1. Of the GluC sites (Glu not before Pro) in the range 131-234, which ones lie in a loop per DSSP and count no more than 14 other C-beta atoms within 10 Å?
2. With a cut-off of at most 13 other beta carbons within 10 Å, and DSSP calling the residue loop, which chymotrypsin sites (Phe, Trp or Tyr not before Pro) in the range 122-214 qualify? Please list them.
3. Quick one: compute the contact order of the range 83-234, relative version, from alpha carbon pairs under 8 angstrom and 6+ residues apart, as a percent.
4. Would you kindly derive the ³J(HN,Hα) couplings of the range 177-183 from the backbone phi angles with the Karplus curve 6.51 cos²θ - 1.76 cosθ + 1.60 (θ = phi - 60°), listing them in order in whole Hz, with x for Gly and Pro?
5. Kirkwood Rh over alpha-carbon pairs of the range 110-234, then Stokes-Einstein at 37 °C and 0.692 mPa s: what D in µm² s⁻¹, rounded to an integer?
6. Step through the residues of the range 163-169 one at a time and calculate ³J(HN,Hα) from phi using the Karplus curve (6.51 cos²θ - 1.76 cosθ + 1.60, θ = phi - 60°), rounding each to whole Hz and writing x for Gly and Pro.
7. Search the structure for amide H atoms under 5 Å from the amide H of Leu74, placed 1.01 Å from N in the peptide plane, and list their residues when 5 or more places away or on another chain.
8. Using the 2.2 N^0.38 Å rule of thumb for compact globular proteins, work out how the range 144-196 stacks up: its C-alpha Rg over that value, please.
Amino acid sequence: MLTAVSTAWTLVLTADGHLGLSSEGLSPVSASVQIGLSLLAVAPIAVACVILERRRALEALTQAVTHDDLTGALRRDEFLRRGGGVTGATDPRRRSGRPVSVLMMDLDHFKLVNDNLGHRAGDTALVSFADQVRRNLDDKHLFARLGGEEFVVLMTGVDLEGATATAEMIRRAQAENSSAVLGDLGPTVSIGVACSPHGDADLTQLVDCADEALYEAKKLDRNRTVSLTLGEVT
């Protein structure tokens, strides 16, 4: 801020043909000095602009590396990296004692959308579902696309009951919105929920347990939520 103010003031004085104050008032300077001072004054602005553009480029690159370019959800690797930082029994110092829950979600009969309506409709369905999930989550929760039509959510401080309630809100909203957009071919979603009551399970255990619950939901004719409690890690 000080650099910007100083630069602006220097530019004003230079454009006016003066450099500063003296006992006799403002002292005029030559044209060559004015040009030199102008270049010196503009230099900090140019450097600031370069730094700003560099920062924006780095942010865009980070976004591209860590987030799915279609849905905006986290990529699988980034989800595992961040999720591993808030779960795990290997480091007792990271245990908060609060519950941690995982939602595994898979769009039902998604292949029918691509086969009958085309991949553009399939992409629209994926984006719509991702937006729907985000509307039911807090910013602190991690939401990722694992691949294809499979998504996952990690919720800290949320027990099995709360996670199941969120899963049901997502499931019902998906059934309503999807049919409104794509009719009978609109995909519903099956959801498996797993919870570590004291947050002492690692992420792999939670994901595997939620995946097992998802498999059970698929066996129950899909468009279901199945919840399982993960045993405490000893």
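Any read-out appearing in this document is the output of simple, stated calculations on the displayed coordinates, not a laboratory observation. Keep in mind that this is a model prediction, so the values were computed, not measured. With ideal geometry, Cβ positions are generated from the backbone for all residues, glycine too; neighbour counts draw on all protein chains shown.
1. On the way: sites: Glu149, Glu150, Glu161, Glu168, Glu176, Glu212, Glu216, Glu232; in loops: Glu149, Glu232.
Counting only loop positions with at most 14 other Cβ atoms within 10 Å, the GluC sites (Glu not before Pro) in the range 131-234 are Glu232.
2. Working: sites: Phe129, Phe143, Phe151; in loops: none.
Sparse-neighbourhood loop chymotrypsin sites (Phe, Trp or Tyr not before Pro): none present.
3. It comes to 33 percent, rounded to a whole number.
4. 6, 5, 5, 5, 8, 10, x
5. Working: Rh = 15.1 Å.
This corresponds to a translational diffusion coefficient of 218 µm²/s.
6. 5, 5, 4, 5, 4, 5, 5
7. Asp68, Phe143, Ala144, Arg145
8. Values: Rg = 12.6 Å, N = 53, 2.2 N^0.38 = 9.9 Å.
Expressed relative to 2.2 N^0.38 Å, the Cα Rg reads 1.26.
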